[in-house]
Amino acid sequence: MIKEIEIRIPQSWSDITLKDYLEVMKELKNYEGDEEAQSAIMITYLCGLEPEYLPQLTKEAFDTIRNDLANFINKTEFPLQRIININGVEYGFEPNLSNMSYGAFVDISKYETITIDENWGKVMSILYRPVTAKVRDTYEIETYKGVIDDTEFLKLGMDIHYGCFFLFTNLLKDLLISTLNSTKVMDNPHNMQSILEKSGAIMQQLWN
């Protein structure tokens, strides 16, 4: 009996959830250096193909799917989406990072690295909160209540996650450049050591 198998090939990062991404990355680490095995893993996880059917693909079909994935897989720099929709509710990105609540800052800072890993969905749930007021391009979001829940953020497309991640990456680059430029002309304040101790920890976290 012939059985039809449906293969869903994602066309962009918006078709891939954070949950799928994390599962793929976890498996890829086990096959570093084996390009063929890594391609098979990506097809299995990203295209929803059961592993048992993978050997039945023709080489032409395998190469076609792999090429389709390669068309977008390295294009990861997206703009920040300031407002996103989750189950019909608008969530807004923290409008003023320099003035975020102390609780939100502390909860984000407890993670050793700011990167897209198993903690990233939790970071997103801190940065994005329900919109309470909006006028054109400006908005306010719900006060941070210390609730960290990544359930819905694991379901969001990677275009949203990459947009937020690259905001921090670009901010870090700008910060490093500004810091280097300012240290050339700035006189050392009397409390330089304490400043370096505090900022150094944060910079190391961001650099990681």
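Each value in this text was obtained by applying a stated rule to the coordinates, not by laboratory testing. Quick caveat: nothing in here was measured; it's all calculated off a predicted structure. No Cβ is skipped: glycine too gets one built from the backbone with ideal geometry, and neighbour counts run over all protein chains shown.
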* To do: For segment 39-183, go through all pairs of different Cα atoms, get the mean of 1/r, take its inverse, and jot down that Kirkwood value in Å.
  => 17.9
* To do: Report the equivalent ellipsoid semi-axes for segment 57-136 in whole Å, largest first, defined as the square roots of five times the eigenvalues of the gyration tensor built from alpha carbon atoms.
  => 35, 18, 11
* Asked: Per residue, how much space in cubic angstrom lies within the convex hull of the C-alpha atoms of segment 91-159?
  -> 102
* Asked: For Thr113, Thr44, what's the fewest-to-most ordering of other Cβ within 10 Å of each Cβ?
  -> Thr113, Thr44
* Interatomic Cα distance distribution for segment 1-60, bins of 5 angstrom, percent -> 4, 16, 27, 25, 18, 7, 3, 1
* Can you work out ³J(HN,Hα) from phi for every residue in segment 136-144, in order, using Karplus 6.51 cos²θ - 1.76 cosθ + 1.60 and θ = phi - 60°, giving whole Hz and x for Gly and Pro? -> 6, 8, 9, 7, 10, 10, 4, 4, 5
* To do: Report the calculated FRET efficiency for Gln56 and Arg136 (r = Cβ-Cβ distance, R0 = 45 Å), to the nearest 0.05.
  => 0.25
* To do: Rounded to the nearest 0.05, what FRET efficiency do Ile148 and Ile5 give with R0 = 45 Å and r taken as the Cβ-Cβ distance? Could you check?
  => 0.70
* Asked: At a Förster distance of 25 Å, what's the computed FRET efficiency of Asn170 paired with Ser109, Cβ-Cβ distance as r, to 0.05?
  -> 0.80
